[in-house]
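Everything on this sheet refers to the single structure shown next.
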Amino acid sequence: MDILITALLVLFALASCTPNENPQETTQTETPQNLDFVIENGILISYSGTSAEVTVPEGVTGIASGAFNGNSTMKILTLSSTVSNIEDGCLDNCSALEEVRVADNGVIGSSSGLVISADGKSIIYINKSELAEDLIIPDGVEELAVSFAGCNTLRSVTFPLSLSKIPEKAFSECEGLEKITLGGVRQIGKEAF
């Protein structure tokens, strides 16, 4: 009788083990920090951890709006080399955030509220709650890959000589904007201001 019960338990255990139904789906090695991330189809949806230093896992290609919203303990965020898209609002209300880094430890962000690509040529994210009133876009930036639209705290913007174009609606609805220094800008998109 004991052998029969053992055999049934083994069969039940084997029957409950099903192969991966989606062989293209990849799984990450579960480390304690990875358990704090919700990732869907390569997009980081949310982070619920309390670490002071957070590293976005390899394989994440984008960070959704609100993913880190309201995190009050994260001081340093390191983006993996696979991150290529950061949605507006993903770092809103991160009161302790001091620095954003890329995987090779190159700093790409600063307290001015801007996150700049690793090569220094493109602004890829704006933390609107941390944006300076008198914004000076750093030398070397050639592209605004995001919109400053609705940044009502902006009073002035100074563009570098390296930036030649301001995209369409880039600064629309910035109701407090009073002064613009164009630097090297030669082309201004429709309804840019």
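The values are calculated or read from the model by the stated rules, or taken from the named source; none is laboratory data. All values derive from a computational prediction rather than experimental measurement. Note that we place each Cβ from the backbone using ideal geometry, even for glycine, and neighbour counts take in every protein chain shown. Calculation scope for accessible area: heavy atoms of the full protein, side chains included, ligands and nucleic acids excluded. Shrake-Rupley method; radii C 1.70, N 1.55, O 1.52, S 1.80 Å.
Computed quantities for the displayed model
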read-out: Distance between modelled label sites at K179 and S65, nm, 7 Å Cα→Cβ extension; value: 3.2
read-out: Surface per residue (accessible, 1.4 Å probe) for the range 120-175, Å²; value: 47
read-out: Stretch gain in nm, segment S172-E87, where the contour uses 0.36 nm per residue and the Cα spacing is subtracted; value: 28.8 nm
read-out: Label-point gap, in nm, between E133 and F193 - each point 7 angstrom along Cα→Cβ; value: 1.9
read-out: Accessible surface of the range 35-193 [probe 1.4 Å, protein heavy atoms]: carbon and sulfur percent; value: 45
read-out: Gain on full stretching of the segment that runs from S164 to R186 - 0.36 nm per residue minus C-alpha separation; value: 7.4 nm
